[in-house]
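Trainee: Provided herewith is a single structure, encoded as structure tokens, for subsequent inquiry.
The values are calculated or read from the model by the stated rules, or taken from the named source; none is laboratory data. Everything numeric in this text was worked out from a predicted model, so none of it was measured. Every residue, glycine as well, gets a Cβ built from its backbone with ideal geometry; the counts of neighbours run over all protein chains shown.
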Amino acid sequence: MYAFDIERPSTIADAVKALSDEDAQALGGGQTLIPTLKQRLAMPATLVSLTGIGEMQGVCIGDNGEVCVGGATNHATVAAETASSYPGLSGLAGNIGDPAVRNRGTVGGSLANNDPSACYPAAALGSGATIITNTRQIAADDYFQGLFETALDEGEVITEVRFPVPEAAHYEKFVQPASRFALVGVFVAKYADGVRVAVTGASENGVFRWTEAEAALAADFSAGALDGLSVPADGMISDLHGSSEYRAHLVKVMTGRAVAAC
Amino acid sequence: MASVTMTVNGKSVSGDVEGRTLMSDFLRNDLRLTGTHIGCDTSQCGACVIHVNGEAVKSCTMFAVEADGAEVATIEGQANTDGSLNVIQQAFQDHHGLQCGFCTPGMVMSAAALLKDNPKPTEGEVREYLEGNICRCTGYHNIVKAIMAASGQDVSAVAAE
């Protein structure tokens, strides 16, 4: 690693101030950033740790019944504290990486990084979540903008994520066994006004909504409703773990399993 | 350089570290607590698992500065106060839960974290919890068996002999 300083602010205001330096970078749980730094793929002068900020920790229920998760809340806490309020989200958080990773990695870190194979983007997009930052609120549909790209500006911090709670939801992940990332993961959520299907791990552009499946499932919420649909392999990730055709096939299979498990 | 103070295995320790100093390096190089092993240094293998404020974490993927003020437990603090092996360590010995021993510190620390939250895990739960701990000797059957035994369960039917 190149040398850098670490600041540990205790308020959002202090973190934002520290991040206004152009060579500063936010540090969540570090489960992606630290390996990246070890490979010398990043060279920040200062890391601003967000995990010591009390107002960004924890899970609560909002005024409209939505599940509100502080941006610096780790996966293990989300898994434990949403088990009864939003089981679909809890199941997703409780199956990220391994137990030690879940004790460090944060929801804000995962969403800010927007890895194309990460689990949380599927939950946020599949729930139609709202990403709250220090300056604004961003709808999940506007937030994800491609591979590792988001609507966040330089120095903008995810302070909270609000998940509307569906009638039923399930995340089905085909695990890439070496990394524990999703080879393909599908989050299906059934709301009173429609169904959302968000797919991670598959597309070269990162997480996306499979709108044809959403329409079919809105009319008939059963795995059989997907029978006539297919996903084009065009634009799907192809690597040593699976071809683009295989990933396209998995999208449909995982969606069906997620619906069946709802 | 930053000054850090934390409690490690019940003792208050402090030191001056760089921002980039990993917790695993602080333990091994500064405190000379070399029981915490660095296997892969890429967050995959789990040989470096320690507890920070009671939670299992990979010490190669956390900065020492982030543990400032924390309560840290490492493998060196696991034995009973008279120096004898604790229940988990003894079970690893009794059930041959180690071969070369390199992964063992992380295995024992992960096992301790599991049994704290789930005192009577099923075999499946043990295997799932050890997802992030790799044994390069592939001695998983006896590791799982040892953890089941440490939880006070009958292990005669566990895994293959």
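Trainee: If the requirement is being closer than 15 Å to B:PHE63 by Cβ and outside the structural domain of A:SER179 (by TED's automatic domain parsing), which of these qualifies: A:PRO44, A:PRO99, A:PRO87?
Mentor: From the options A:PRO44, A:PRO99, A:PRO87, the qualifying one is A:PRO44.
Trainee: For a quick check of your reading of the model, give me the residue pairs whose first member lies in region A:226-252 and is in the same structural domain as A:ALA182 (by TED's automatic domain parsing), whose second is among the charged types (D, E, K, R) and surrounded by fewer than 12 Cβ atoms within 10 Å (Cβ to Cβ), with beta-carbon atoms closer than 8 Å and at least 6 apart or on different chains.
Mentor: Listed pairs, sorted by first residue: A:SER244/A:ASP234.
Trainee: Here are some conditions: (1) facing chain A (nearest Cβ under 10 Å); (2) surrounded by 19 or more Cβ atoms within 10 Å (Cβ to Cβ); (3) touching an Asp or Glu at 6+ places or on another chain (Cβ under 8 Å). B:ALA2 meets all but one. Which one does it not meet?
Mentor: For B:ALA2, the exception is condition (2).
Trainee: Select from region B:34-53 the residues that are touching a strand residue (DSSP E or B) at 6+ places or on another chain (Cβ under 7 Å) and more than 16 Å from A:MET1 (Cα to Cα) and list them in ascending order.
Mentor: Once the filter is applied, which keeps residues that are touching a strand residue (DSSP E or B) at 6+ places or on another chain (Cβ under 7 Å) and more than 16 Å from A:MET1 (Cα to Cα), region B:34-53 yields B:THR36, B:GLY46, B:CYS48, B:VAL49, B:ILE50, B:HIS51, B:VAL52, B:ASN53.
Trainee: Do the conditions hold for A:ALA225, that is, is it buried (at least 17 other Cβ atoms within 10 Å of the Cβ) and either modelled with pLDDT of 95 or more or of a type in the set (Gly, Ala, Ser) (or both)?
Mentor: Against the criterion (buried (at least 17 other Cβ atoms within 10 Å of the Cβ) and either modelled with pLDDT of 95 or more or of a type in the set (Gly, Ala, Ser) (or both)), A:ALA225 qualifies.
Trainee: Conditions: (1) within 14 Å of chain B (Cβ to nearest Cβ); (2) more than 17 Å from A:GLU154 (Cβ to Cβ). A:LEU27 meets all but one. Number of the miss?
Mentor: So A:LEU27 meets the others, but not (2).
Trainee: Continuing with this model, one more query. Can you name every residue in region A:18-70 that is assigned to a loop (DSSP other than H, G, I, E, B), touching a residue at least 60 places away in the same chain (Cβ under 8 Å) and more than 23 Å from A:VAL101 (Cβ to Cβ)?
Mentor: A:SER20, A:GLU22, A:GLY62, A:ASN64, A:GLY65, A:GLU66
Trainee: Kindly list the number of the only condition in (1) within 30 Å of A:SER90 (Cβ to Cβ); (2) free of Cβ contacts under 8 Å to residues at least 24 places away in the same chain; (3) within 12 Å of chain B (Cβ to nearest Cβ); (4) surrounded by fewer than 21 Cβ atoms within 10 Å (Cβ to Cβ) that fails for A:ALA3.
Mentor: (1)
Trainee: Next question. Give the residue, chosen from A:SER49, A:SER10, A:SER20, that is of a type in the set (Ser, Thr, Tyr), touching a Gly at 6+ places or on another chain (Cβ under 9 Å) and crowded, with 20+ Cβ neighbours inside 10 Å.
Mentor: That would be A:SER49, the only listed residue that is of a type in the set (Ser, Thr, Tyr), touching a Gly at 6+ places or on another chain (Cβ under 9 Å) and crowded, with 20+ Cβ neighbours inside 10 Å.
Trainee: Would you please name the residue that is surrounded by the most Cβ atoms within 10 Å (Cβ to Cβ), looking only at residues in region A:184-204 that are closer than 19 Å to A:PRO232 by Cα and out of contact with any helix residue (DSSP H, G or I) (no Cβ under 7 Å at 6 or more places or on another chain)?
Mentor: This residue is A:GLY201.
Trainee: Can I ask one more? In region B:136-150, is there at least one residue being within 26 Å of B:MET6 (Cβ to Cβ) and either buried (at least 22 other Cβ atoms within 10 Å of the Cβ) or touching a Gly at 6+ places or on another chain (Cβ under 7 Å) (or both)?
Mentor: Within region B:136-150 (the criterion being within 26 Å of B:MET6 (Cβ to Cβ) and either buried (at least 22 other Cβ atoms within 10 Å of the Cβ) or touching a Gly at 6+ places or on another chain (Cβ under 7 Å) (or both)), the answer is no, since none of the residues qualifies.
Trainee: Further question: Can you tell me which residue in region A:233-261 is surrounded by the fewest Cβ atoms within 10 Å (Cβ to Cβ), limited to those that are part of a helix (DSSP H, G or I) and polar (S, T, N, Q)?
Mentor: Within region A:233-261, the match that is surrounded by the fewest Cβ atoms within 10 Å (Cβ to Cβ) is A:SER244.
Trainee: Name the single residue that is farthest from B:THR61 (Cα to Cα) among those in region A:1-19 being under 25 Å from the mean Cα position of the chain (by Cα) and among the hydroxyl-bearing types (Ser, Thr, Tyr).
Mentor: A:THR11
Trainee: Among the candidates B:HIS96, B:HIS141, which residue alone is in contact (Cβ under 8 Å) with a residue 40 or more places away in the chain and more than 15 Å from the chain's Cα centre (by Cα)?
Mentor: B:HIS96 is the lone residue from the list that is in contact (Cβ under 8 Å) with a residue 40 or more places away in the chain and more than 15 Å from the chain's Cα centre (by Cα).
Trainee: May I pose another question? Give me the helices (runs of 4 or more DSSP H) completely within region A:75-128, filtered to those with at least 1 residues that are within 12 Å of chain B (Cβ to nearest Cβ) and closer than 18 Å to B:LEU114 by Cα, ordered by residue number.
Mentor: Helices (runs of 4 or more DSSP H) meeting the threshold: A:75-81, A:99-102.
Trainee: Any residue at all in region B:21-43 that is under 18 Å from A:THR36 (Cα atoms), of a type in the set (S, T, N, Q) and under 14 Å from the mean Cα position of the chain (by Cα)?
Mentor: yes
Trainee: Also, I was wondering about something else. For region A:89-114: of the residues being touching a residue at least 60 places away in the same chain (Cβ under 8 Å) and of a type in the set (A, V, I, L, M, F, W, C), which is nearest to A:THR133 (Cα to Cα)?
Mentor: Looking at the filtered set, the residue picked out is A:ALA112.
Trainee: Can you tell me which residues in region A:71-88 are of a type in the set (S, T, N, Q) and in contact (Cβ under 8 Å) with a residue 12 or more places away in the chain?
Mentor: A:THR73, A:ASN74, A:THR77, A:THR82, A:SER85
Trainee: Write out, first by first residue and then by second, each pair whose Cβ atoms fall under 7 Å of each other, whose residues are 6+ apart or on separate chains, and whose first residue, in region B:27-46, is more than 14 Å from chain A (Cβ to nearest Cβ) while the second is surrounded by fewer than 20 Cβ atoms within 10 Å (Cβ to Cβ) and charged (D, E, K, R).
Mentor: B:LEU33/B:GLU76; B:THR34/B:ARG28; B:GLY35/B:GLU76
Trainee: For region B:101-109, check the following and say yes or no: at least one residue is away from chain A (no Cβ under 14 Å) and surrounded by fewer than 22 Cβ atoms within 10 Å (Cβ to Cβ).
Mentor: Yes: region B:101-109 contains one or more residues that are away from chain A (no Cβ under 14 Å) and surrounded by fewer than 22 Cβ atoms within 10 Å (Cβ to Cβ).
Trainee: Of all the residues that make up region A:79-106, how many are polar (S, T, N, Q) and surrounded by fewer than 19 Cβ atoms within 10 Å (Cβ to Cβ)?
Mentor: So the answer is 2.
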